[in-house]
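One structure is given here, and the rest of the page talks about it.
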Amino acid sequence: MLIEFDALESSNERGFQRVTQLIAHLLRHQFVHVEDRGAATLLETLHRPELAKLVEAYFDVAGYRVVHRETEGWAGILPDVERISLPRLRIDETIVLLVMRRLWEEALQLGEIHANGTVRTTLNEAYAAYEGIVAGSRRAALAASAFRDVLRMLERKAIVRLGEFDVDAQDMDLDIRALVTSVAGDDFVASLEEIVSRPVAGAPDADAQVPVGDGR
């Protein structure tokens with residue numbers, strides 16, 4: 001593989017730079033979405049078979065699959081579960097992620113899907129939905145600020161996108177992107193109900209982690 005990278009650098013320096021930029025981005029963020037700044041250039045790399053092949057080979061060595069969903073405007077890396085362990089999130093983070101999947105699914109049923117399969121809601125509406133789900137369990141809900149912090153983490157992975165804060169409404173737009181269905185698998189309903197119904201055992205439970213599906 002090093003020989004192939006060296007050959008590309010010698011014959012197509014610009015192509016080599018694009019490949020390394022895309023690899024670096026996916027290593028940091030896992031996903032790239034066309035609606036984010038600079039993403040169009042990164043995604044263009046995957047439209048060039050000779051460049052896409054190198055990106056795929058690089059991550060294959062590390063145990064990841066490169067997934068490119070043009071109709072949904074995103075690309076990313078997902079673990080090959082037969083070779084490496086799934087990424088893990090804290091329980092509170094997983095609950096928020098699964099709530100995002102539920103909200104996306106509900107909007108799909110209502111036909112309220114926008115370009116690239118994106119669902120538009122607001123931070124306050126999402127937090128109310130989260131509180132409603134957690135309220136039926138013995139688990140303490142995250143404070144609104146902590147809930148937003150988890151969304152910021154998901155935003156860095158391009159799974160959601162938060163808009164500008166509206167001072168008058170004390171709210172902000174929240175876009176939930178279709179790639180949430182690849183991160184939180186089709187068993188999300190059972191996963192969400194099972195997680196929120198778990199007994200809460202104090203501080204140690206706050207640090208417990210649960211796996212997130214690979215979206216097959």
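The values are calculated or read from the model by the stated rules, or taken from the named source; none is laboratory data. All values reported here derive from a predicted model rather than from experimental measurement. Cβ placement follows ideal geometry from the backbone for every residue including glycine, while neighbour counts extend to all protein chains displayed.
Tell me, which residue of the stretch 126-136 that is touching a residue at least 24 places away in the same chain (Cβ under 8 Å) and surrounded by 14 or more Cβ atoms within 10 Å (Cβ to Cβ) is nearest to residue 176 (Cα to Cα)?
Checked the stretch 126-136; the qualifying residue nearest to residue 176 (Cα to Cα) is 126.
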TODO: Mind counting the residues in the stretch 119-140 that are under 18 Å from residue 171 (Cβ atoms) and either not in a helix (DSSP H, G or I) or not assigned by TED's automatic domain parsing to the domain that holds residue 164 (or both)?
DONE: 4
TODO: Please specify each residue of the stretch 141-173 satisfying the condition of being closer than 18 Å to residue 101 by Cα and assigned to a helix (DSSP H, G or I).
DONE: 147, 148, 149, 150, 151, 152, 153, 154, 155, 156
Open item on the list: Take residues that are over 21 Å from the mean Cα position of the chain (by Cα) and tell me which of the helices (runs of 4 or more DSSP H) falling wholly in the stretch 1-88 contain 2 or more.
Closed with: 2-11, 13-29, 49-61
Task: the stretch 1-29 residues that are within 12 Å of residue 54 (Cα to Cα) and surrounded by 14 or more Cβ atoms within 10 Å (Cβ to Cβ), paired with ones that are aromatic (Phe, Trp, Tyr) and modelled with pLDDT under 90 (beta carbon under 8 Å, 6 or more apart) - done: 16/5; 19/5
Task: The lone exception for residue 121 - which of (1) more than 28 Å from residue 65 (Cβ to Cβ); (2) among the β-branched types (Val, Ile, Thr); (3) modelled with pLDDT under 95 it fails - done: (3)
Task: Extreme residue, surrounded by the fewest Cβ atoms within 10 Å (Cβ to Cβ), among residues of the stretch 140-158 that are touching a Leu at 6+ places or on another chain (Cβ under 8 Å) and free of Cβ contacts under 8 Å to residues at least 12 places away in the same chain - done: 152
Open item on the list: Can you pull out every residue in the stretch 48-65 that is under 19 Å from residue 38 (Cα atoms) and touching a strand residue (DSSP E or B) at 6+ places or on another chain (Cβ under 7 Å)?
Closed with: 55
- [ ] Answer with yes or no whether residue 169 is farther than 23 Å from residue 88 by Cα and at pLDDT below 95.
- [x] yes
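Out of the stretch 89-110, which residues are polar (S, T, N, Q) and either within 29 Å of residue 145 (Cα to Cα) or in a loop (DSSP other than H, G, I, E, B) (or both)? Give the steps one after another, and end with the answer.
First pass over the stretch 89-110, keeping only residues polar (S, T, N, Q): 94, 109.
Residue satisfying the conditions is 94 alone.
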